[in-house]
Amino acid sequence: MKYNVDFVTNPKHAFWQFTRPLLVLSIFEACYSFVDVFWVSQMDQKSFFAVGVAIPLFTLIYGIGKALGVGTNSIIAREMGQHDLPGAENSILHGIIACIIMGIVIALASFFIKDILILTKANSSLELSMAYLRPLFIFSFVFLFANLFVSTLQGEGNSRIPTTMLIITNILNLVLDPIFIFVLHMGVSGVSIATILSNTVTATYLLYWYLSGKSEVELNFKYFKPGIVYEIFIVAIPSFLTDSLWCVTSLYFNRILIEQLGQIGVLLYGTSSRIQSLIASPQKAFSRALISVSGHLFGANKTEELINLYYYVLKISIIIAIITTVIFFFIRDYGFALFSVTGAPESVFYIALAGIIIVPVNEVTVLARKIIDGTGKSYYDLILSICMVIFEIMIATLLSHYFKHGIGVLLAILIAEIVFAIIYFTLIIHLFDKHRKGKIEKFHHYHSTG
């Protein structure tokens with residue numbers, strides 16, 4: 001059975017063929033996150049608050065795995081676009097080595113969890129947050145390898161197998177959550193253990209998939225040649241730092257929200273992020289597909305096809321985002337009440353109103369980032385991400401002196417999203433023009449010397 005997709009011959013058709021399983025996965029993941037948080041919210045508000053404070057740090061761990069996957073995916077996609085299969089096989093071996101190294105580093109970082117959490121001023125939930133995070137840090141290699149193999153299979157053009165395994169993982173997590181929380185009375189520690197066990201299934205099966213020879217790219221050390229780790233990190237580090245910068249921003253915003261609203265502020269912020277992830281599910285699927293498609297097209301030197309595909313996907317993404325955010329605006333109270341977040345109707349109204357602008361605008365930024373990652377130019381993304389975080393924190397600090405009840409934080413996010421969507425769009429147009437001119441110059445040089 002053929003699992004891999006040919007991206008180069010007919011990019012638009014291949015994009016949808018590759019995206020359909022990812023779209024199902026993204027919607028399922030968002031719905032899963034709803035149910036997952038629902039179980040946590042049923043314990044007590046203190047536990048819900050503790051997990052909400054800890055989520056940015058768990059996202060950071062997950063982000064490392066995703067970044068290594070993105071870096072390896074980018075190289076594999078470009079190598080396969082150039083029909084260099086041994087180069088792709090060498091890339092995945094270096095991705096595995098990178099995961100082992102980072103797994104050890106993260107496990108050692110577990111000794112500093114308390115120091116980091118103290119900075120958020122969430123002292124009332126310190127022990128609960130640590131109980132949630134410590135197992136995730138120690139067994140981080142599970143998430144690293146799961147993300148790596150999912151990304152490398154997608155880089156080959158295979159989205160069906162990773163999608164199937166991730167859905168199975170999420171279902172297993174949903175089943176294990178209430179067992180560990182309520183039956184075994186493990187509380188927040190049970191939430192993290194359920195997450196670790198369910199992700200172990202994905203990592204183990206996808207490793208078996210490679211070792212059994214079912215993948216197009218083999219897992220065999222005879223193809224190993226030193227040096228590719230550097231290239232993986234060239235893409236992975238900017239991607240990771242982008243996620244880590246988001247973590248810093250979230251921790252800072254949580255600090256402001258705790259000061260202005262108490263625990264309800266963090267709950268509002270965390271719940272609105274979950275709701276946004278559901279609204280942005282199509283965007284997530286499109287961006288996952290774009291990094292693989294763009295790598296293949298860039299490797300095959302198909303610049304015009306890449307440009308046309310970007311505009312095509314961007315238009316569809318914005319239309320879908322506008323429709324879904326408008327629908328959410330009218331059912332906002334039910335969404336927040338599901339997680340037992342009540343008592344701040346005015347804040348809920350403004351969060352929903354801002355979402356109508358933020359989510360469609362964010363489409364521009366996210367899709368541009370994935371094109372940049374897919375073509376191996378992630379350092380542009382890193383520079384802009386640093387600038388965006390600094391800008392966001394400065395605006396939030398300033399506006400929080402004039403606006404209370406978390407409105408300053410919301411306005412800072414809104415302003416930053418609009419400003420940097422414009423900047424990212426301008427950059428991607430510049431990169432397209434630059435690459436197009438480079439092709440023309442090479443063409444004229446070839447014919448003038450020929």
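Numerical summary
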read-out	value
Residue under evaluation Ser215, criteria (1) hydroxyl-bearing (Ser, Thr, Tyr); (2) under 25 Å from Ala88 (Cβ atoms); (3) part of a helix (DSSP H, G or I), criterion not met	(3)
Tally of residues being part of a helix (DSSP H, G or I) and more than 23 Å from the chain's Cα centre (by Cα) across the stretch 377-410	9
Index of the failed condition, Arg369 passing every other in (1) of a type outside the set (Val, Ile, Thr); (2) in contact with a Ser or Thr (Cβ under 7 Å, 6 or more places away or on another chain); (3) modelled with pLDDT of 65 or more	(2)
Residue count, the stretch 161-187 (criterion: closer than 24 Å to His94 by Cα and open to solvent by 40 Å² or more (accessible area, probe 1.4 Å))	0
Checking Glu127 against (1) within 22 Å of Leu197 (Cβ to Cβ); (2) open to solvent by 60 Å² or more (accessible area, probe 1.4 Å), the condition it does not meet	(1)
Matching option when the condition is among the β-branched types (Val, Ile, Thr) and either at pLDDT 85 or above or open to solvent by less than 40 Å² (accessible area, probe 1.4 Å) (or both), among Ile116, Ile97, Ile106	Ile106
Answer residue from the stretch 65-76, given it is in contact with an Asp or Glu (Cβ under 8 Å, 6 or more places away or on another chain) and closer than 18 Å to Val366 by Cα and is surrounded by the most Cβ atoms within 10 Å (Cβ to Cβ) among those	Ser74
Subset of the stretch 262-284 that is at pLDDT 70 or above, crowded, with 20+ Cβ neighbours inside 10 Å and of a type in the set (A, V, I, L, M, F, W, C) - its residue that is nearest to Glu417 (Cα to Cα)	Ala280
Inter-residue pairs, beta-carbon under 6 Å, first on the phi < 0 side of the Ramachandran plot and in the stretch 157-170, second in a helix (DSSP H, G or I) and β-branched (Val, Ile, Thr), 6+ apart	Pro162/Val150; Met165/Thr202; Thr169/Val201; Thr169/Thr202
Which numbered condition Val191 fails, given (1) open to solvent by less than 30 Å² (accessible area, probe 1.4 Å); (2) free of Cβ contacts under 8 Å to residues at least 60 places away in the same chain	(2)
Answer from Ile27, Ile55 - the residue that is surrounded by fewer than 16 Cβ atoms within 10 Å (Cβ to Cβ) and either modelled with pLDDT under 70 or within 16 Å of the chain's Cα centre (by Cα) (or both)	Ile27
Single unsatisfied condition, Phe425 versus (1) at pLDDT 75 or above; (2) open to solvent by less than 40 Å² (accessible area, probe 1.4 Å); (3) of a type in the set (A, V, I, L, M, F, W, C)	(2)
Selected residue (only one of Leu399, Leu431 is surrounded by 15 or more Cβ atoms within 10 Å (Cβ to Cβ), under 28 Å from Ile279 (Cα atoms) and either at pLDDT 70 or above or among the basic types (Lys, Arg) (or both))	Leu399
Residue match in the stretch 285-295 (condition: polar (S, T, N, Q), surrounded by fewer than 23 Cβ atoms within 10 Å (Cβ to Cβ), modelled with pLDDT under 75 and not in a loop (DSSP other than H, G, I, E, B))	no
Hits in the stretch 155-176 (condition: part of a helix (DSSP H, G or I), over 27 Å from Leu128 (Cβ atoms) and of a type in the set (Ser, Thr, Tyr))	Thr163, Thr164
Among (1) in contact (Cβ under 8 Å) with a residue 40 or more places away in the chain; (2) part of a helix (DSSP H, G or I), the one test that Ile179 misses	(1)
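The values are calculated or read from the model by the stated rules, or taken from the named source; none is laboratory data. No experiment lies behind these values; they were computed from the predicted model shown. Because the Cβ atoms are built from the backbone with ideal geometry, glycine has one as well, and the counts that use them run over all protein chains shown. Only protein heavy atoms, including side chains, enter the accessible area calculation; ligands, DNA and RNA are left aside. Shrake-Rupley method; radii C 1.70, N 1.55, O 1.52, S 1.80 Å.
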